[in-house]
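Accompanying notes for the structure given below.
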Amino acid sequence: MLYLELLVQGLIYGCMYAIIAVGLTLVYGLLRILHVAHAGLFTLGAYLGLILTNATGSLFLAMVLSGTTVGLVGMAIYRFCYKPILHKPPYVALIASIGLFIAMEEIFRLLFGPYGLTYTKVPLQQTVHFFNMNLRAVDLVIVFGSISMLGVLSWLAQKTRLGIAWRATVDDPQMAESFGVSVQKVRYLNFFIGSALAAMAGIFVSLLSNMAEPTMGGVPSYKALAIIVLGGLGNVGGTLIASIILGIVEAFGTIYVGDFLDRDAIAFAFLIIILMLRPQGLFSRK
Amino acid sequence: MSVLLNVRNVTMHFGGVHALTDVSFQVMQGEFLSLIGPNGAGKTTMLRAITGVVTPQFAKVELGGVSIVGLPIHKRARLGMAMTNQIVRPFVTMNLLDNVALAAGHRRIATVLKAVSSVDKGAERKKAQELLDMLGIGKHTQENIQGQPLGVLKRLEVARALALEPKLLLLDEPLAGLNHIEAARLADVIVEINKQGLTVVMIEHNLGEVLRVSGRLVVLDNGRKIAEGDPQIVMRQPKVRAAYVGKEAEDAAA
Amino acid sequence: MGIYELSLAIIVCINIVLALGLNLITGYCGQISLGHAAFFGIGAYTVGVLAKAGFPSAVCIFAAILMAGFIGIIVGTASLRVRDDFLAITTMGVGFLFLGIIRQQEGLLGGEMGLSGIPTIGFDKPGFLVIAFIAVILCSALSLYIKRSWMGFAFDAVATDEDTAKLLTVDVAAYKLTAFALGTAMAGLAGGLYCYFTRFIMPDDFGFLTSISVLSMVAVGGIGSVPGVIIGTALLTLLPEMSTFLSDYKLLFYGAMLFAVMRFAPEGIAGIGTRVVQIYGRRGDAK
Ligand SMILES: Nc1ncnc2c1ncn2[C@@H]1O[C@H](COP(=O)(O)OP(=O)(O)OP(=O)(O)O)[C@@H](O)[C@H]1O
Ligand SMILES: [Mg+2]
């Protein structure tokens, strides 16, 4: 029974990691940038979701509005921050992105205060019985919400014109361009979707902890960096699997090696071991 | 004459691409051998397998009778082979002179301790200048890499390889990007160095120059060796001419 | 100089030693590290534990240097397996792993609460500043010498294109490990001094933000340039102290500065300096 509970725990975290990490790996696939500021968008999403839920009383409406806004902010980040420095050595964009992230965290702290905000009435706290386990509704929403969002995303990528153009651009930008795909459009779309997903993840985390705080983006997002590396930078499928694996490894790890390492250290120890064994990540790019 | 390089049964697959299939050949001490074949034949892959840049699924490679399979790239280079890149890769942070001087100082950087205990670069820079002069790009030495024409960078690759004082020089399309006169001059320089005793293996699409300077040919097509021997005789073989569909081969054979 | 100014000067010196170490790894040898603070921490905790056990300060500092350098070599082996972005994330992971281990070691390392009651180094503040300053001089001199030597030449090749360097007989692995050993040893020295200076250390002093701050100092100063790194470090350490406005918004300022420098002048202060000199020089030629 313990195992099953740990597994479910791992799955919940894994799903959350997955929707943060997908946006990151998409950006990496297209631009070869480690987009650390993605974590700032995650936090922004949480704040907007929480504030709008408190204001309107509807979590759903808040998610839609927060996702859209954060998506647009993501596009603006591409336009004004990354686009001008794409041709520089890779560390330039990485450091710029870290700077942007730190500045964003500070802005949240200044705007919303250092101690974080809470929900006036936390949604989705009712207990649900599921296979003999007591789960909160929010757990189920996270798991099924993430899976369905990623499902829709994958359907879009496989079946729609835009999705096909987008996959072509990831594979070979020059080739895609010569077939008339607007690489710029694809990049904007990419930032919109990735950022909106990060906002969803932020809202999920705020629901789990009943809080949105300035530093909440830190740890999950560094972990998302670890995940996309594990998944073989730029490989979407690999990233999803790596997210779930990491969630489960952490859940079991905290039980078995928790005395030596905390949860985050377990994640990174796992990352380091895997990378030393397989430098290209668990799943390499094709 | 003794065998300097002995390549046996090299097989290299990249996923489904069979870049090389069971290719064997030998290079004699002091000879000038050209490795030719159409685009994608596996020529570059062969040089990379010899220098250790790629690891074939199967290969036996001996230099001077000693197996070098399994040795890392820098150790193979220290045994006396130097390769130029088909797609030039100069150190963009250094000027032309220092690109060559670094290679000329290969003994100084052989160990970290030696490297940290020597500072003076005068002798190596002087030697680099001589090499660049010899290759006809001596007046560019103080310039940055950015903005140099391909012809200059191609010769820089050759200068850098020569600076290593190799026993075996492996050239990957050194004449590409050079005009007619420059190409002939560079080929002459290489011939001259070869006459002084350096063994040369050259990949080249410029068949006119190939036929003028090489002592022997190895022809690859589709990852397999299809012919080997005296240049004039090899070029007359129907299968070699069939591999080269196009004007180039017609011209050369004429 | 008052106590406050002295303390500031000492912190600047410690940060310069720390940043020069990262500059060796990232600036000279091209190996990006997002976990430099871990080695700063290793140095600090080595001194903390040994000093509390009663060892003399010279021994403690020496042990800090060795310990950080030794673990630096181990971590450096990661750079033989993974490159660029993969290496950045791996070293970031090393930083988190270090913190995780420290936090769980309550007995020896004080866990979350940190180590306090560390004995004094045996000098007053001015004396400490002299020692820190000597450390800066030594590390700068070593860095400048390396740059001039054939080792710096080889580092440059490894940083620019390691595959080509290998074809030119460079033993890339040996040079990378050397860069890691030297750079992390400097971080260990900085950490040891820091521990004696504050006499109270906590895991959070050596977290990801510290790694990023050091990287900022190097990047803002100009990656690879010793004077640039010194100026960048002094600037980023002192500016927040200059005005209460900046200290309230220290992190915002850091973040914005980091972003702005990378966005508008990726070569940092040293790059701007070089550009000015070039323009000036060209004018001089024209005369
Ligand atoms: N690293 C690699 N990964 C995948 N395929 C490769 C790789 N290197 C070479 N190939 C493939 O192996 C085949 C042989 O390539 P190679 O570069 O050796 O040809 P070549 O004879 O040098 O051609 P060219 O005259 O155009 O330079 C080609 O089909 C090429 O696409
Ligand atoms: Mg080729």
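So here's what we get for this one:
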| item | result |
| --- | --- |
| Subset of segment B:24-47 (residues that are within 12 Å of ligand 2 (Cβ to nearest atom), surrounded by fewer than 21 Cβ atoms within 10 Å (Cβ to Cβ) and at pLDDT 95 or above) | B:Thr44 |
| Failed criterion for C:Val170 (all others in (1) more than 8 Å from every other protein chain (Cβ to nearest Cβ); (2) not in a helix (DSSP H, G or I) hold) | (1) |
| Hits in segment B:1-23 (condition: within 16 Å of ligand 2 (Cβ to nearest atom) and either surrounded by fewer than 15 Cβ atoms within 10 Å (Cβ to Cβ) or over 23 Å from B:Pro72 (Cβ atoms) (or both)) | B:Phe14, B:Val17, B:His18 |
| Filter pass, A:Ile228 being more than 8 Å from chain C (Cβ to nearest Cβ) and within 21 Å of C:Ser79 (Cβ to Cβ) | yes |
| Test: residue in segment B:55-68 that is within 15 Å of ligand 1 (Cβ to nearest atom), more than 21 Å from B:Leu211 (Cα to Cα), open to solvent by 10 Å² or more (accessible area, probe 1.4 Å) and within 13 Å of chain C (Cβ to nearest Cβ) | no |
| Residue count for segment C:95-104, restricted to those that are closer than 21 Å to C:Thr26 by Cα and either more than 7 Å from chain A (Cβ to nearest Cβ) or among the polar types (S, T, N, Q) (or both) | 2 |
| Only listed residue being within 17 Å of the chain's Cα centre (by Cα) and of a type in the set (A, V, I, L, M, F, W, C), chosen from B:Leu102, B:Leu153, B:Leu97, B:Leu113 | B:Leu153 |
| Residue that is nearest to the other protein chains (Cβ to nearest Cβ) [pool: residues in segment A:187-225 that are touching a strand residue (DSSP E or B) at 6+ places or on another chain (Cβ under 9 Å) and not in a helix (DSSP H, G or I)] | A:Glu213 |
| Subset of segment C:205-222 (residues that are away from every other protein chain (no Cβ under 12 Å) and either at negative phi or aliphatic (A, V, I, L, M) (or both)) | C:Asp205, C:Phe206, C:Thr210, C:Gly221 |
| Residue identified as open to solvent by 80 Å² or more (accessible area, probe 1.4 Å) and part of a helix (DSSP H, G or I) among B:Lys154, B:Lys239 | B:Lys239 |
| Scan of segment B:2-54 for residues that are away from ligand 1 (no atom under 12 Å from the Cβ), of a type in the set (D, E, K, R) and under 17 Å from the mean Cα position of the chain (by Cα), ordered by number | B:Glu31 |
| Criterion (among the aliphatic types (A, V, I, L, M) and within 14 Å of chain B (Cβ to nearest Cβ)) met by exactly one of C:Ala165, C:Ala132 | C:Ala165 |
| Residue count, segment C:123-174 (criterion: open to solvent by 50 Å² or more (accessible area, probe 1.4 Å) and among the aromatic types (Phe, Trp, Tyr)) | 3 |
| Residue ID - surrounded by the most Cβ atoms within 10 Å (Cβ to Cβ), chosen from residues in segment B:94-127 that are within 26 Å of B:Ala183 (Cα to Cα) and out of contact with any Lys or Arg (no Cβ under 9 Å at 6 or more places or on another chain) | B:Leu96 |
| Complete set of residues in segment A:82-100 that are more than 7 Å from every other protein chain (Cβ to nearest Cβ), open to solvent by less than 30 Å² (accessible area, probe 1.4 Å) and of a type outside the set (Phe, Trp, Tyr) | A:Ala93, A:Ser97 |
| Any hit, segment B:135-145, residues being away from chain C (no Cβ under 14 Å), surrounded by fewer than 20 Cβ atoms within 10 Å (Cβ to Cβ), assigned to a loop (DSSP other than H, G, I, E, B) and within 16 Å of ligand 2 (Cβ to nearest atom) | no |
| Filtered residues of segment B:166-217 (kept if within 14 Å of chain C (Cβ to nearest Cβ) and more than 16 Å from ligand 2 (Cβ to nearest atom)) | B:Pro166, B:Lys167, B:Leu168, B:Leu169 |
| Meets criteria (open to solvent by 10 Å² or more (accessible area, probe 1.4 Å), more than 12 Å from every other protein chain (Cβ to nearest Cβ) and among the small types (Gly, Ala, Ser)) for C:Ala68 | no |
| Members of segment B:81-93 that are assigned to a loop (DSSP other than H, G, I, E, B), more than 7 Å from chain C (Cβ to nearest Cβ) and crowded, with 17+ Cβ neighbours inside 10 Å | B:Thr84, B:Asn85, B:Gln86, B:Val88, B:Pro90 |
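Residue by residue, here is whether (1) within 14 Å of chain A (Cβ to nearest Cβ); (2) open to solvent by less than 20 Å² (accessible area, probe 1.4 Å); (3) modelled with pLDDT under 95 holds:
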position	(1), (2), (3)
C:Ile3	no, no, yes
C:Ile16	no, yes, no
C:Gly21	no, yes, no
C:Ala38	yes, yes, no
C:Gly41	yes, yes, no
C:Ala44	no, yes, no
C:Phe86	yes, no, yes
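To keep it simple, each residue is scored yes or no on (1) within 30 Å of C:Asp248 (Cβ to Cβ); (2) outside any helix (DSSP H, G or I); (3) in contact (Cβ under 8 Å) with a residue 24 or more places away in the chain; (4) not hydroxyl-bearing (Ser, Thr, Tyr).
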| position | (1), (2), (3), (4) |
| --- | --- |
| A:Leu7 | no, no, yes, yes |
| A:Ile20 | no, no, yes, yes |
| A:Thr25 | no, no, yes, no |
| A:Leu30 | no, no, yes, yes |
| A:Ile33 | no, yes, yes, yes |
| A:Tyr82 | yes, no, yes, no |
| A:His87 | no, yes, no, yes |
| A:Glu106 | yes, no, yes, yes |
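The values are calculated or read from the model by the stated rules, or taken from the named source; none is laboratory data. Here the structure is a predicted model, which is why all the values come from computation and not from measurement. With ideal geometry, Cβ positions are generated from the backbone for all residues, glycine too; neighbour counts draw on all protein chains shown. Remember, those area values only see protein heavy atoms, side chains included, never the ligands or the DNA or RNA. Shrake-Rupley method; radii C 1.70, N 1.55, O 1.52, S 1.80 Å.
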